[in-house]
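The values are calculated or read from the model by the stated rules, or taken from the named source; none is laboratory data. Computed from a prediction, not measured in an experiment: that's the story for all the values here. Here the Cβ positions follow ideal geometry from the backbone for every residue, glycine too, while neighbour counts run over all protein chains shown.
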Amino acid sequence: MDRIQISATDRSPRVDFDFASGRFQLSGESYPEDAAAFFGPLLQSLRTYLAAAASEPIVFEVELAYFNSSSAKALMNLFMPLEDAAGEGRAVTIRWLFTKGDETIAEAGEDFASDFSHARFDLVETSQAEC
Amino acid sequence: MTVESAAEVPSPAIAPPSRRRSLRGGGPLRGDDFLTLAGFTDVPTATPGTMRPGALRGSARGRDLDSLAHTLFLRIYPVIAVVVLATQIGIAWVNYNDSLRLYTERANLLATLTAQAIARPDWSERPDVYKTQIQALTLDPAFRFVRAWNADGGLVMALGDMPGGRSLELIRASTEITVPDRAKPVGSLTLGLSAEALRGNAEKQAVLALGASLVLMLAFVLTLHANVRRHVLAPLKRLLIAMREVEHKRWSTVELEGAVRASNEIDVISSAFNRMVEGLRTGDEAKQLLTELELAHAKLADANRLVMESIGYARRIQTSVLPDRMALAGAGLDVAVLWEPLHQVGGDYFWLERLDEVSVIVVADCTGHGVPGAFITLIVATALDRILHERGLRSPAEILSALDEMVRAQLRQDGRGSESDDGLDCGLCIWDPAARRLSFAGAGISLTTVTQAGMTRIKGEKRGLGYPRHGSERQGNERFRTETVTLDVAPGDTFYLMTDGITDQMGTTGGQRRLLGHRGVSDILLRSRDEELGPQIKTLETELAAYRGAENRRDDMTLIAFRPTNLA
């Protein structure tokens with residue numbers, strides 16, 4: 001599958017889905033006017049990728065400074081097939097990065113983490129300044 | 001004169017320019033004839049005083065291009081002709097004088113030779129002896145006459161006619177006949193030679209000079225004309241054509257390489273013209289783009305005004321759906337409300353109502369903001385109204401469950417096929433003053449309390465209300481269920497229900513760009529806990545803005561602060 005790379009805007013995150021290496025990244029902020037329109041194609045690609053019989057480990061990295069509730073829903077939708085794949089024995093790691101002291105994002109990560117039982121969900125505190 | 005005939009008089013704008021062709025009536029095409037053949041005509045204009053499109057053409061056309069050669073000829077030729085003629089006349093004059101001098105010398109020589117030949121003391125007595133000598137003079141083709149006189153002045157011999165007076169055509173040579181032995185001359189001799197040949201020569205020279213001048217003139221005219229035409233007129237015509245094209249905003253440039261060779265100056269003019277055309281073209285394009293841009297901008301401004309008007313109207317509707325902020329006055333509660341949609345209208349909603357003995361306080365954050373969010377708030381408002389008044393529910397947990405069901409039914413998320421993936425977070429409190437008890441249930445919204453013990457946050461259910469339940473069971477395919485939390489209230493206890501728009505303030509703190517979060521908001525509320533609720537909310541708003549700095553707000557904001565009073 002072709003790698004998906006989308007540059008960040010002030011309202012949507014940077015996307016880098018490298019299917020070949022099994023590395024997925026979302027970073028920046030996410031509050032697009034229409035979250036379904038932005039995340040829909042990504043979810044579709046992810047599902048297609050997971051449906052193909054491959055077994056290399058998957059690392060899905062999320063480093064969002066802010067996301068609105070629609071984006072949270074969309075993230076949930078992205079995570080569900082990953083958890084399902086992990087349930088089927090695939091090595092899946094979610095890396096949830098949050099800035100030191102950002103309890104909102106950390107809390108959201110904890111909320112997401114509680115939904116996973118098969119995939120590994122790492123909460124990673126970062127301390128480097130973004131700006 | 002009738003009106004019709006008056007109308008037939010051509011307007012000056014379209015009247016053909018009057019030109020005199022007296023000099024070269026049937027001559028070659030004029031510059032403007034050429035342009036007419038090339039398909040250019042003047043654009044008539046009805047309104048006088050306005051600059052007509054052909055203004056440039058007027059000046060360029062009025063001056064006949066061919067008259068340039070004519071003017072050059074008239075200015076230069078007389079000078080050349082006068083110089084040539086003067087030179088020829090000078091040469092002729094010198095030649096004539098030289099010839100005249102030679103003739104005179106010849107006449108003198110002949111006369112002297114003849115006089116010496118007949119110089120004898122007695123020559124006049126025997127004219128027969130010397131007659132042959134004198135007759136020899138008649139052999140000269142220019143001979144006219146000869147006269148010989150003796151010492152006394154008596155005519156001895158006469159040949160030919162001697163015209164009376166002086167004549168230009170006659171050269172006279174007189175000499176005395178002297179004998180060495182005698183002191184006095186023994187006679188005199190006068191010879192007349194004709195200068196007619198000289199005059200003939202002079203005439204011939206004059207005719208030659210005139211002819212040469214004429215030939216020179218002809219050659220000059222032809223050369224001048226050919227060169228002006230080739231090196232000046234042809235490139236100028238191309239320039240004119242290009243200018244006319246440019247007048248009609250067809251951006252054509254002039255390329256003089258190839259067929260037409262231009263003199264250096266015209267080359268320079270042509271490049272300057274091309275640069276000008278390029279400048280005009282880009283200027284015109286820029287102007288057109290600017291016009292289009294202005295048009296688009298005006299349309300956008302129009303569309304924006306329409307949308308803003310429409311949204312302004314929508315805001316009136318939404319605010320009229322919201323309760324009076326003083327709805328709980330007299331119910332034993334101090335209440336302060338902050339409701340600030342991101343875009344005039346929004347997905348945040350609150351409800352305040354006194355129902356019999358209890359007061360209901362609701363804060364909801366529907367998915368989306370702006371107009372889409374506002375739509376959901378109307379559904380929530382209707383559903384809540386039915387739950388509270390028709391079904392008469394008073395338990396926060398039951399109310400939320402009912403709300404969940406009704407919203408899903410309304411948005412057809414209950415399996416009847418719907419595109420809606422919408423829902424809401426909701427926090428709901430019921431204050432029972434008689435029991436001094438506050439009960440709370442939340443779905444995605446927590447209750448923040450500030451009591452003597454400090455600040456606590458009672459989280460509701462993680463999951464929101466609404467949203468279709470298809471798919472994973474983790475999302476909960478079943479009805480929304482939660483527990484009601486009941487709190488005993490002490491005097492001074494203050495409670496806050498807020499949407500995530502309050503806590504999700506992006507800002508930079510300690511070099512790190514991150515959200516303010518619940519902790520940040522709680523800190524602000526704790527710092528200002530001694531203020532009245534109204535001022536405290538103002539303080540909060542100010543501090544939130546300060547934290548954001550240059551960042552924009554991300555979401556609608558709603559916060560309701562309430563503090564039970566009269567708790568003796």
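Are there any strands (runs of 3 or more DSSP E) wholly within segment B:447-558 with 1 or more residues that are within 12 Å of chain A (Cβ to nearest Cβ), and if so which? Don't jump to the end; show me each part of the working.
Working: elements: B:447-451, B:454-458, B:485-488, B:494-498, B:506-509, B:512-515.
Counting at least 1 such residues, we get B:454-458, B:506-509, B:512-515.
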Go through (1) at pLDDT 90 or above; (2) over 22 Å from B:Pro323 (Cα atoms) for B:Met557 and report which single condition fails.
(2)
Under 9 Å between Cβ atoms, at least 6 apart or on separate chains: pull out the pairs that start in segment B:402-415 with a residue that is within 17 Å of B:Thr482 (Cα to Cα) and end on any residue that is of a type in the set (Ser, Thr, Tyr) and not in a loop (DSSP other than H, G, I, E, B).
B:Met406/B:Thr382
Counting only residues that are touching a helix residue (DSSP H, G or I) at 6+ places or on another chain (Cβ under 7 Å), β-branched (Val, Ile, Thr) and under 25 Å from B:Thr486 (Cα atoms), segment B:342-386 contains a total of 3
Number of the condition not met by B:Ser174 [criteria: (1) among the polar types (S, T, N, Q); (2) in a strand (DSSP E or B); (3) surrounded by 17 or more Cβ atoms within 10 Å (Cβ to Cβ)]:
(3)
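Is it true that some residue in segment B:122-134 is surrounded by fewer than 18 Cβ atoms within 10 Å (Cβ to Cβ), part of a loop (DSSP other than H, G, I, E, B) and among the aliphatic types (A, V, I, L, M)?
As a first pass, look at segment B:122-134 and keep what is surrounded by fewer than 18 Cβ atoms within 10 Å (Cβ to Cβ): B:122, B:125-129, B:131-133.
In the following step, the residues that additionally are part of a loop (DSSP other than H, G, I, E, B) were identified as B:122, B:125-126.
Within this subset, residues satisfying the condition of being among the aliphatic types (A, V, I, L, M) are none.
So far as segment B:122-134 goes, no, none of its residues is surrounded by fewer than 18 Cβ atoms within 10 Å (Cβ to Cβ), part of a loop (DSSP other than H, G, I, E, B) and among the aliphatic types (A, V, I, L, M).
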Checking B:Ala301 against (1) within 26 Å of B:Phe562 (Cα to Cα); (2) without any contact (Cβ under 8 Å) to a residue 24 or more places away in the chain; (3) hydrophobic (A, V, I, L, M, F, W, C), which single condition isn't satisfied?
(1)
I need the strands (runs of 3 or more DSSP E) fully contained in segment A:1-85, keeping only those with at least 2 residues that are buried (at least 19 other Cβ atoms within 10 Å of the Cβ) and within 14 Å of chain B (Cβ to nearest Cβ).
A:23-30, A:58-67
Which numbered condition B:Pro180 fails, given (1) surrounded by 14 or more Cβ atoms within 10 Å (Cβ to Cβ); (2) assigned to a loop (DSSP other than H, G, I, E, B); (3) of a type outside the set (Ser, Thr, Tyr)
(1)
Looking at segment B:416-439, can you tell me whether even one residue there is touching an Asp or Glu at 6+ places or on another chain (Cβ under 9 Å), more than 14 Å from every other protein chain (Cβ to nearest Cβ), hydrophobic (A, V, I, L, M, F, W, C) and crowded, with 18+ Cβ neighbours inside 10 Å?
yes
Looking at B:Phe480 and the list (1) buried (at least 23 other Cβ atoms within 10 Å of the Cβ); (2) under 16 Å from B:Phe440 (Cβ atoms); (3) touching a Phe, Trp or Tyr at 6+ places or on another chain (Cβ under 9 Å), which single condition is not satisfied?
(3)
Check whether at least one residue in segment B:520-536 is buried (at least 16 other Cβ atoms within 10 Å of the Cβ), without any contact (Cβ under 8 Å) to a residue 60 or more places away in the chain and over 27 Å from B:Met326 (Cβ atoms), and report yes or no.
yes
If B:Ala402 satisfies every condition in (1) part of a strand (DSSP E or B); (2) surrounded by 15 or more Cβ atoms within 10 Å (Cβ to Cβ) but one, which is the exception?
(1)
Would you mind telling me which numbered condition in (1) surrounded by 15 or more Cβ atoms within 10 Å (Cβ to Cβ); (2) in a helix (DSSP H, G or I); (3) in contact with a Lys or Arg (Cβ under 8 Å, 6 or more places away or on another chain) B:Arg229 fails?
(3)
Only one of B:Asp432, B:Asp422 that is among the acidic types (Asp, Glu) and modelled with pLDDT under 90
B:Asp422
Evaluate segment B:368-384: report whether one residue or more is over 58 Å from the mean Cα position of the chain (by Cα), in the same structural domain as B:Arg437 (by TED's automatic domain parsing), part of a helix (DSSP H, G or I) and not hydrophobic (A, V, I, L, M, F, W, C).
yes
Sort out which residues of segment B:340-372 are within 12 Å of another protein chain (Cβ to nearest Cβ) and among the acidic types (Asp, Glu), and write them in order of number.
B:Asp348, B:Asp365
Report yes if B:Ala561 is in a helix (DSSP H, G or I) and more than 14 Å from chain A (Cβ to nearest Cβ), otherwise no.
no
Going through segment A:96-130 in order, the residues found to be at the interface with chain B (Cβ under 7 Å from one of its Cβ atoms) and assigned to a helix (DSSP H, G or I) are A:Glu103, A:Thr104, A:Ile105, A:Asp111
